[in-house]
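Visitor: Attaching a single structure in structure tokens format; questions to follow.
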Amino acid sequence: MSSVLEDLIGKWIQAGGPVPEYLVDWSSSNQDNENLKGYIPESLKLQFKALCAHKRVTMYSVLYHLVDEWVRTGGSTSESP
């Protein structure tokens with residue numbers, strides 16, 4: 001799963017970090033979060049963290065959205081998120 005997360009995050013960053021409106025609302029709510037673990041390169045993590053901060057969304061909410069889209073497309077990482 002770590003390679004999938006690395007691919008999804010990389011594509012999201014390359015796309016400029018698109019954030020659907022519902023994600024901004026969801027990110028700011030007081031939702032209980034679950035732990036999501038994966039191993040990605042430190043440089044990618046830093047870019048991801050910085051872009052999430054710039055977009056004012058949590059890393060968790062973006063990861064949730066990316067993984068949800070990945071599942072909906074049948075595990076395809078060839079399309080941009």
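Visitor: Any idea how many residues of region 36-81 are modelled with pLDDT of 90 or more, in a loop (DSSP other than H, G, I, E, B) and closer than 19 Å to LEU23 by Cβ?
Guide: Residues meeting the conditions: 0.
Visitor: Within region 50-67, how many residues turn out to be farther than 16 Å from GLN14 by Cβ and surrounded by fewer than 18 Cβ atoms within 10 Å (Cβ to Cβ)?
Guide: Total meeting the criteria: 6.
Visitor: Is it true that some residue in region 15-34 is out of contact with any helix residue (DSSP H, G or I) (no Cβ under 8 Å at 6 or more places or on another chain), surrounded by 10 or more Cβ atoms within 10 Å (Cβ to Cβ) and modelled with pLDDT of 90 or more?
Guide: Yes, there is a match, as at least one residue in region 15-34 is out of contact with any helix residue (DSSP H, G or I) (no Cβ under 8 Å at 6 or more places or on another chain), surrounded by 10 or more Cβ atoms within 10 Å (Cβ to Cβ) and modelled with pLDDT of 90 or more.
The values are calculated or read from the model by the stated rules, or taken from the named source; none is laboratory data. In this text, all values refer to a predicted model and were calculated from it rather than measured experimentally. Reconstructed Cβ throughout: ideal geometry from the backbone, glycine too, with neighbour counts over all protein chains shown.
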